Each structure stands twice: as C-alpha cells, then as structure tokens.
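Below: the structure, in structure tokens.
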Amino acid sequence: MGGEVSGVEPVSDFLLELRSEEIPARMQADARAHLQSMFARLMAEAGVDFGEMDAWSTPRRLALIVRDLPVSTKAVREETKGPRTSAPEQALEGFLRKTGLTKDELEERDGVWFAVIEKPGRLVRDVLAEAIPQIVRHFGWPKSQRWGVASISTESLRWVRPLSGVVAILGEDLVPCEVGGIASGYTTRGHRFHAPGEVTIGGAHDYSEKLRLAHVIVNHAERQDLIRERAKAAAEAEGLTLVEDEGLVIENAGLTEWPVPLLGRFDEAYLEVPPEVIQLTARTNQKYFVCEKDGKLANAFVCTANIAATDGGAEIVAGNRKVLAARLSDASFFWKQDRKTTLEEQAKKLARITFHEKLGTVADKVERVAKLAEWLASEGIVPNSDPSLARRAAELCKADLVTEMVGEFPELQGLMGGYYARAEGLPDAVADAIRDHYKPVGQGDDVPTAPVTVAVALADKLDTIRSFFAIDEKPTGSKDPFALRRAALGIIQIITANGLRFGVGEGDVLAFFADRLKVQQREAGVRHDLIDAVFALGGEDDLVRLLARVHALQAFMGTEDGRNLLAGYKRAANILKKEEFEAGAINPAPEAAEAALLAALEAAEPRAQAAVEAEDFTAAMAALASLRAPIDAFFEAVMVNDPDPVKRAARLSLLGSFVAAVHKVADFSRIEG
C-alpha cells in the first residue's frame, strides 16, 4: 500500500509472485534466499532504497514482499575530475573518451576540467519492470527445465518447473512486464483442489489473506508451525508422543499449501522390525512422523494431507496406511531373510566387493581392522578391552553391508549389524561394537566409550587414514572423496574422550592430524597458533599429552607473565636471528642483570624439563614464568651488542640459553602476539 506523510516522500509496498508447477521442497529455502539477494542487488544498482523484505514459498509459488519503496529514484549528479586545462591534448582526448562527453560539455574550475553528468530520477515501477525479467531469467535453481514449443530454442526460458504466472504490484498499481511469453497481472490461483480458479490480488496488503481464503497458506513458516503443533496434538489425542523431526516439518511444509496432519495406525506385528527401520521407512519413503508410547515405538504414524477432506481424512489415512504397510512388509521380509544367514557367512561375501583397486577388497580391509583392533586391546592402548572380542567384532563389523536391509537402507549400516549380532546370540560387547563402530560420524555425534567398541571404531578409522595415505590418496583443497578428514576428527574425538595414550602417526599423517586438531579445537576456543607451537617441537604424536600442553600454554598466554615472556622471547629471537653466537661463551665479569638471568635459567630450565617429563604442564609454565622478570631486567640494564667481543659473545650465548629453555615447553616463535 502507498502512503504519504507531510514532508516525507510517499512510499509503496511491492508484491512479486512467481507461480509454477511443483517446486521441490528441498529447493525452496535456497530459492527464497536467492530471490531476496537478487532483488536487493538489482535495487542497489538502480539506487532504490527499501524497507523490510520477506520471501515466502509454497510448492506452487515463490513470493516476495518488499516494504516502503519510493515512487522514484533520486536524481544523481556525478562529477569526475579530469586533467588540468594546461595538460597535453592527448590527456584531454583520453578523458573525453572515458566520459563519453565533448570538450564543450566539460566544466572548468581553477584550471582543471570536470565531467559533470546529471542523471534524472526514474520511476521505481520502471526499475521493477526491468528487474523482474532479469530475476526470472538468471535465477540460480540447482536444476531447471524448458517447456512447450519454445523449448526447442536454447534461448528459451528456464525455470525449476514450468512457469505459469507472474503477479507484480507496486502499491495497487500493476508493474507491467513480460518474461517467456508470460505477462504480469493481478491474478493468481488458489489451492489446486479447494480453489483452483483465479484469485485477484490487490497488492502486498491483501495477498496473504486473499490466498488464505483460497486455501493457500503462503507463509512457509506459518505452515511449519501448524504442522508442528497439529501433528503433536494428533498424537497426544491418542495418548501417544510424537517423535519430533524438524527436517520432516520443513519438508512437509514444502509439500503442502493447506497442511492437515492426520494420525493413522499400522499393524502391530510390524513392531518386531527394529524401530529405526520403521522410522526410516516412514520418514524417507512416505514423509511420515512416527509416535512413541512409554518410550517405545508405537504402531502409529502422522501423515500431512494437502486438503481438508470432508470425511475428516479417513480415506486419506486409509490410503497412506496401505502404502506404508507395503513398505513395512518389505522391511519385515528383509529382517526375516537376513537373520537366516549368520554374520560370519555374510562376511565371506565381502571378498567379492572392491574396497579400492590399490587396497583390495572390503574383506581385506576387515582383516586389517581386525588385527589392529586386537593389537590396540592387547597392548592396553584401549584399556579393559578383551582382544578376542575386539577381533571378533571387527571381523563382523562390515558384514551387514551385504544384507538385504542395508541394501535397501544404506543409512542403517552398522546399526543392522548390531541387531543381527544380538539376534544370533553374540556377546553384547560384540553387538554394540558392530553397531557403533562408525561413530562418531561428525561433531555432536555420540563418541564410543565401551572398550571393545572403542578398539574397533578406532581401528577402522586409523586403517582408513593410514591405507589411503600409503597410496598417496590424500585430501586436497575441498576434495576429500574418502572422507579422511571426518575419520581424523572421529579419531581425535575418541582419543580425547577416552584419554587414550599412543602415537597417531608420523610425517604427513601427523601433519594431517595437526590440521584436523586445529579445526576440532577451534570450536572449543583453543588457539591454532598454540597447537602449532607444541607440534613444532617435533616428536609429539600423543594427542592427549599434546592437548594438555596446549591448554596449559593457552592459560599461561592469558596472564601478564605469559604475554611479557613472549615479548622478551621475540626480542631475544630477533637479536639471535641477526647475530652469530658461540654457545657456552662466558663473561668473566657479568653485570648484575646478566648474572640474575643466568641464575634464573639454571633454576628454571631443570624445573621446566622435569615438569614436562612428568606431564605437569602447568608447573612447566610456572617455571617459565620465573624467567619473565629476569629477562625484562636484562634487556633494561644490559647492552647485548657490547663493543667488547667477550661480553657480546657471552650475552648472545645467554639469550640462546634463554630461547632454548623456553623451547623445552613450546616453540614460542609460532605464537602470535
């Protein structure tokens, strides 16, 4: 709507609706963001200011409402300074070519030429009329199509699905434009079944309510809220608890214009199938929510209809029940069939599956993992882990890859192996290790703590990294086809959560872990330069010990002693970088500050060394802190580059000893600040 306040330029709201055939739910969020950014960019280029902006989507439309657009853009006066009037003719000719003006059109001020271009204001309606076709023709859909007779030309319009209408209204006035043979207008269409006829829109002010009367809730967030609330209420009405699934809420909102959550039941006999299978079947294939009763999966689902049915949804529920029953029947068949074959028999089939052409079959990988898991347990690296159970679990951990169920639902690998192991009576520790050996899959995932599981999960990931590094298949840039970065993060999480003490590798592998550790610890607020400072010492491949040292170093750097010691170190290191010195040189007549620093070093260095060896890194930092005052006093009172070569050599040697003492704890040259 337009409005006018005394002394204020009138403004209007703008509505743009792009109506089409069904837009995939997964594309709608990005499309809304893209529409807003494209519009904002085009308005900025045209010099059009505006207020708030909202983008909405339904399966059949993408809409934009922009508040407070002016009637016209402001006139602009652009000045470009040119050469002096006394400059050579060539300079003036170049300036004229650049500005597109003639000499008569230039202004002369104080002996300098100026190009002055007056750009009059434009009607914003005209700006919008040019912008809308640009938005449509250059829209960044991940997939788009051509349609109709015009589609034989590669220049024809592309859209995610055939575009059928454009509504473009500024205030209450039409913004006339045309794209792909479709002219803008005031009319849209309502719900495909409830109100399929034309709906005339007056402008941004009545768009939402006009469509609501036509059974279309155009605001996606409102539809999400409605699904969230009514799905929960439908479950509670039956004494059940809805299993919340925000992704499913968003997807169902993207599939419906008038969402109506309905509860249905399925045969209780299907509950013998693992609950994760039922939930995945309902969610992935049918977009249904599932329900629980007393903490266990119930034989109920909630589907989201796109109409308000006259029978209260009974027929819709019946149809959905039949479709779900067919899916669950398949799942039940897979569950029964898979259990007819032991995991040991299934594992034999892994010899027919190539893991990598240079690394052999999946069976070869399993054997490597089994040996490594057994070793981790037998060496006590994973405490309290039975070596025989660790080997057994590792030998069977990939067996479910060849089962019917995992063939249908690859997301369930590991999980189904755990169920099958338990069903055939294998020890719980083995079943749990098979189930959880892929964990943690990412940040926020559960980290294994059960000893046998830890041994197998660690062995699986270590083998992956070491094997691919051995054949020079390392991640490069953004490419990581074998998910080695994820495996390294998983190893770091397992090691740190369980306090495991062993070397993760050397060379490239260790450097790779250092990079991953920085990523993982950044979220915990640990500075990457401090990790570098400890890694740079060399020989540190025990991540638990390394992190303990890093945490102590970070605490020390947060103190005044730490900051001042770093400043003293950098000053000393800079002097030594420029000068050659002889270690062990002695000044026969040291000054007081010189002698004090020497005494402090003789006391602090063995203390720091002993503390590091005892892994008491806080004490090591305290030993370094005792050097802060002596090094400050040394630089205050002593001239290092003394004309006397004996004194100079001794003082350089003393600074070398100071730097060496600090390096017993960390490489301070890597620390920023």
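The values are calculated or read from the model by the stated rules, or taken from the named source; none is laboratory data. Predicted model, so just to flag it, every value in this text is computed and none were measured. Counting neighbours? That spans all protein chains shown, and the Cβs are built from the backbone with ideal geometry, glycine included. Side chains included, ligands, DNA and RNA excluded: accessible areas come from the protein's heavy atoms. Shrake-Rupley method; radii C 1.70, N 1.55, O 1.52, S 1.80 Å.
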Q. Looking at region 261-277, is at least one residue under 33 Å from the mean Cα position of the chain (by Cα) and under 30 Å from L62 (Cα atoms)?
A. yes
**Q.** Count of region 333-350 residues which are of a type outside the set (D, E, K, R), open to solvent by 50 Å² or more (accessible area, probe 1.4 Å) and part of a helix (DSSP H, G or I)
**A.** 2
Q) Does any residue of region 50-61 turn out to be over 30 Å from G190 (Cα atoms) and either open to solvent by less than 80 Å² (accessible area, probe 1.4 Å) or modelled with pLDDT of 90 or more (or both)? A) no
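Taking R212 as the residue in question, decide whether it is crowded, with 18+ Cβ neighbours inside 10 Å and under 30 Å from G313 (Cα atoms). Can you show your working first?
On the way: crowded, with 18+ Cβ neighbours inside 10 Å: no; under 30 Å from G313 (Cα atoms): yes.
When the stated conditions are applied, R212 does not pass them.
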Q.
Among the numbered criteria (1) touching a Lys or Arg at 6+ places or on another chain (Cβ under 7 Å); (2) buried (at least 18 other Cβ atoms within 10 Å of the Cβ), which one does A423 miss?
A. (2)
Q: Check off (1) touching a residue at least 40 places away in the same chain (Cβ under 8 Å); (2) open to solvent by 10 Å² or more (accessible area, probe 1.4 Å) for P630 and give me the number that stays unchecked.
A: (1)
Q) When you go through G94, G121, G82 one by one, which is the residue that is without any contact (Cβ under 8 Å) to a residue 60 or more places away in the chain, among the small types (G, A, S) and in a strand (DSSP E or B)? A) G82
(Q) I217 - would you say it is open to solvent by less than 60 Å² (accessible area, probe 1.4 Å), part of a loop (DSSP other than H, G, I, E, B) and of a type in the set (A, V, I, L, M)? (A) yes
**Q.** Top-ranked residue in region 394-405 [being open to solvent by 10 Å² or more (accessible area, probe 1.4 Å) and assigned to a helix (DSSP H, G or I); ranked as farthest from A455 (Cα to Cα)]
**A.** E404
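Scan region 654-667 for residues that are closer than 16 Å to P630 by Cβ and either surrounded by 23 or more Cβ atoms within 10 Å (Cβ to Cβ) or charged (D, E, K, R) (or both) and report the count.
Restricting attention to region 654-667, the residues satisfying the condition of being closer than 16 Å to P630 by Cβ are 654-662.
From what is left, the residues that are either surrounded by 23 or more Cβ atoms within 10 Å (Cβ to Cβ) or charged (D, E, K, R) (or both) are 654-655, 658, 662.
Residues meeting the conditions: 4.
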Q) If A131 satisfies every condition in (1) surrounded by 13 or more Cβ atoms within 10 Å (Cβ to Cβ); (2) farther than 27 Å from G202 by Cα but one, which is the exception? A) (2)
Q | strands (runs of 3 or more DSSP E) contained entirely in region 231-332, each with at least 1 residues that are β-branched (V, I, T), open to solvent by less than 40 Å² (accessible area, probe 1.4 Å) and under 24 Å from F409 (Cβ atoms) | A | 289-293, 296-305
**Q.** Conditions (1) free of Cβ contacts under 8 Å to residues at least 60 places away in the same chain; (2) open to solvent by less than 20 Å² (accessible area, probe 1.4 Å): number failed by R651
**A.** (1)
Q. So P142 clears everything in (1) free of Cβ contacts under 8 Å to residues at least 40 places away in the same chain; (2) assigned to a loop (DSSP other than H, G, I, E, B); (3) surrounded by fewer than 14 Cβ atoms within 10 Å (Cβ to Cβ); (4) not hydroxyl-bearing (S, T, Y) except one condition, right? Which one?
A. (1)
Q.
Any residue that is surrounded by fewer than 18 Cβ atoms within 10 Å (Cβ to Cβ), within 32 Å of the chain's Cα centre (by Cα) and in a helix (DSSP H, G or I) - is there at least one of those in region 352-371?
A. no
